[in-house]
Structures are given as C-alpha cells and as structure tokens.
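What follows is a short report on a single structure.
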Amino acid sequence: MTLAPTADLIARAAQAGVGIGAFNVIHLETAEGIVSAAERADLPVILQVSQNCVTYHGGLDPIGRACLELAAESSAAVAVHLDHAEDAVLARRAVDLGFGSVMFDASRLDYDENVAATAAVAAYAHERGVAVEAELGEIGGKDGAHAPGVRTDPDEAAAFVAATGVDALAVAVGSSHAMTSREASLDLALIARVHATLSVPLVLHGSSGVPDDTIAAAIAAGMTKVNVSTHLNGFFTRAVREYLDSHPDVVDSRKYVAVGRTALSGEAERMLRLFAQAGSAQTGSAEAGAAQAGGAA
C-alpha cells in the first residue's frame, strides 16, 4: 500500500455501508500505534492531525511530514487528514504538504460567512485534488461551546453542501467533543434523514463519548467517517500511569511511552474492526432509523 487519498477510502466505506476510523494523532507514538493497528486489522485508517496538535508541535510540517511518511511506508491503506482547522492558511498549507483531505471548521461564523469561507478553502483544495470536510450544527464540548439540543437541519445541510462544494459533512446529532465517559445518545432517526438528504458522506465527531452499540447503529443509519481521539488517549495515558506506578525508578521515557503506544494500538484495532463490521451487523437498525425518519419528516 501507500499513502491513500482520503476521499477514496471514505467513498469505499460509504458504498459498502460500513464505517472507517479517523483517529487523532497527538505525537509520533500515537501515529505509529494507529498505523500498526490498521496493519494488524488489514483495514484502512485515517490519521488526523488537528490544529491543536499543530500548535502543540509548533508547526504543521514536522508532525505532518512524519504522518505522511508513516502512511507511505505502511502495508495498510492510510490517509492523512487535517482536523478542525479554523485557520484557512493552515488548511492551504496542509493541502500543499500532501494531505489527502482537510476539515475546515468555520462553524463559529454565522451561516453566510461560514459558506463563503468554506467555499474558498474547498475551491483551493479541489484545484489540487484534495477533499474537504466541513461542519454544520454545533458539535459541542470544546471551549464551552456545548449547547444541548443543537442539531443539524437536513435541508440546511443540503443547501450548505451545494453552496460550498464540500466532500463530507460533520453533523450535530448528539455527540460532544472530549467526553471521557461513553454515554452519549445519538439521534439515529436524524442521521438517517440527513443521510437520505445529502449526496456526501457523513462524519461523526465526538465519538469518544458514544458507546459501541450506538456507533454501530449510527453507521447503519448512514454515518461513514467516525472520529475518535479522547477515548484512545485514555488507553495511552492509563497504560503509562500504570507503568510508572509499577516502575518508579524508570527514567528512559521510551519504556513507558512504548507501553502507552501498545495499549492505544490494541484499542484502535478493536475499533477499526467494529466500524468495518457495523453496517452488515446493524442492517435492522438502519431500516428502523429510516422508518423513524420517514415518520418524523
């Protein structure tokens, strides 16, 4: 395999009615753990570098180039994606660096400004063969932005996609960023309605707070790209903490970071398999969601 175009991986998953994991990179060890998980599972994966990650590393190029090299050398199909970029300059830099897709997040702006800014980034990316994801409807959680009950309107979403030309859309259906407990409840009927209305794949942000069975049902209802960060980070951190508690005299950081990488990788592999099996396993849920959507329309 080699570095894969994000749009191709998402399109294949959408056509098959399954989900694809999009896992956030924090540092090189998380990227390595995610890629090795994809190799063991023999499944594709999307490495996500967020604007927050770029800030932490002091720039896009070092961590971005590392992810691109890992993808190019992997035996799995690995795409590299810029996540939650609110800076259009950063989004264009990721395009120029060779990322397969960028998520441009102008959702803090009012609707018309969001459309204009997103359309401009999409035009730049598409001229260079790069896909664009955007967000409509507040996802919640970060920076005090949580707003209970906020949901994406299917008709507004269709108009937004048509006006901006984006290739995938993150929708607000009940999840919230940075949750450390898995108890979020998703609006499966709304997912089915939005899926039926739009021609582009749907993206679930804030998936760390969503239980396995609910994620599977969401995929069956029409969700394709499933973003996970906090949940995997928890596996990494707990493993490091346990190792340090058991080895108080260790000073070589490779010893405990490697343990964290292994723990994260094991859970990433499990989630990739879950997402890839969800569509076929949850056909009944998808039909139920569509029926509910029809009644609510």
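Every number here is computed from the coordinates shown, using simple stated rules; none is lab data. Everything quoted here is computed from the prediction, not taken from an experiment. Glycine also receives a Cβ, built like all others from the backbone with ideal geometry; neighbour counts cover every protein chain displayed.
Only one of the numbered conditions (1) under 22 Å from residue 267 (Cα atoms); (2) without any contact (Cβ under 8 Å) to a residue 40 or more places away in the chain is not met by residue 15, and that is (1). The residues of segment 236-254 that are over 19 Å from residue 52 (Cβ atoms) and either under 14 Å from the mean Cα position of the chain (by Cα) or among the aromatic types (Phe, Trp, Tyr) (or both) amount to a single one, 243. The set of residues in segment 32-50 that are among the aliphatic types (A, V, I, L, M) and within 16 Å of residue 271 (Cβ to Cβ) comprises 34, 35, 37, 38, 41, 43, 45, 46, 47.
Among the residues of segment 214-232, is any part of a helix (DSSP H, G or I), of a type in the set (Val, Ile, Thr), in contact (Cβ under 8 Å) with a residue 40 or more places away in the chain and under 16 Å from residue 169 (Cβ atoms)? The answer is yes; a qualifying residue exists. A single entry from 99, 104 fulfils the requirement of being touching a strand residue (DSSP E or B) at 6+ places or on another chain (Cβ under 7 Å), crowded, with 19+ Cβ neighbours inside 10 Å, under 20 Å from residue 69 (Cβ atoms) and not small (Gly, Ala, Ser): 99.
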